[in-house]
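What follows is a short report on a single structure.
The values are calculated or read from the model by the stated rules, or taken from the named source; none is laboratory data. Small disclaimer: the values here were computed from a predicted structure and weren't measured. Every residue, glycine as well, gets a Cβ built from its backbone with ideal geometry; the counts of neighbours run over all protein chains shown.
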Amino acid sequence: MKKFFLILFLILGISSLSSAVTIDYTHTLASDGTLTSSFAGAMIETFDNSTKWSWTGGGHIVSGSLSGKYAAPYNNLYMTAPNSTKYMSADPSGYYSTSFATTYTYFGLFWGSVDSYNTLSFYNGNDLVHSFKGTDITNPGKYGVSYGNQSAPSTNLYVNFYDLSEFDRIVMKSTGYAFEADNLAVGNPILPNPEPATMLLFGFGLIGLARIGRKKQ
């Protein structure tokens with residue numbers, strides 16, 4: 001029985017290292033004043049002029065706002081005017097998706113007018129590795145929640161997903177109008193040192209495995 005719990009503890013320690021996804025709202029300003037990724041090595045899709053990535057599904061590249069359809073996200077630093085550049089909007093007709101030639105572990109986007117029914121999913125091949133709804137990424141502790149509000153700081157954020165499992169495709173869905181996003185970014189940042197508590201748990205797992213090995217000998 002003790003052997004069982006030691007092995008279980010080891011598994012938990014290892015899984016805690018591989019499954020944690022860090023979400024934060026850090027950003028910098030693009031030359032056009034919109035929020036963009038602060039990760040210097042990111043490849044960024046701005047949707048202006050021409051798209052860098054190949055998109056499929058029920059989405060559109062738009063600018064401005066159209067009542068009942070889509071709303072240009074506001075810059076959440078000043079909240080004085082909507083985004084005047086082009087951005088993407090995924091509508092209820094399906095999804096908006098793009099694939100990459102390589103895998104990444106970081107993704108960022110200027111997510112505007114966040115709604116609870118927006119879903120962002122990450123795939124590696126045909127395998128779903130992560131999925132997040134609008135309710136997962138809002139920052140109520142700082143701003144309060146106001147889903148779908150075009151000019152609320154709580155739902156017009158630059159959202160960064162670090163430590164993702166490797167992905168080569170993203171899918172953006174919305175069961176209602178709409179899922180607006182701009183300045184999408186991907187990259188492979190060098191992972192920071194794991195949190196001390198996580199390393200402690202992992203260490204206990206290794207100690208448990210060592211004890212099991214000694215008993216076998």
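What the table below lists for this structure:
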| quantity | calculated |
| --- | --- |
| Odd one out for Phe167, checked against (1) aromatic (Phe, Trp, Tyr); (2) modelled with pLDDT under 90; (3) out of contact with any Pro (no Cβ under 7 Å at 6 or more places or on another chain) | (2) |
| Hits in segment 64-86 - residues which are surrounded by 14 or more Cβ atoms within 10 Å (Cβ to Cβ), in contact with a Ser or Thr (Cβ under 7 Å, 6 or more places away or on another chain) and either at pLDDT below 80 or not aliphatic (A, V, I, L, M) (or both) | Tyr70, Pro73, Tyr74, Asn75, Pro82, Asn83, Thr85, Lys86 |
| Number of positions in segment 46-62 that are polar (S, T, N, Q), at pLDDT 90 or above and closer than 15 Å to Lys86 by Cα | 1 |
| From Asp127, Asp115, Asp91, residue being of a type in the set (Asp, Glu) and more than 18 Å from the chain's Cα centre (by Cα) | Asp91 |
| Number of the condition not met by Ile137 [criteria: (1) modelled with pLDDT under 90; (2) among the hydrophobic types (A, V, I, L, M, F, W, C); (3) within 26 Å of Ser63 (Cβ to Cβ); (4) over 12 Å from the mean Cα position of the chain (by Cα)] | (4) |
| Test: residue in segment 68-86 that is outside any strand (DSSP E or B), without any contact (Cβ under 8 Å) to a residue 12 or more places away in the chain and within 19 Å of Ser174 (Cα to Cα) | no |
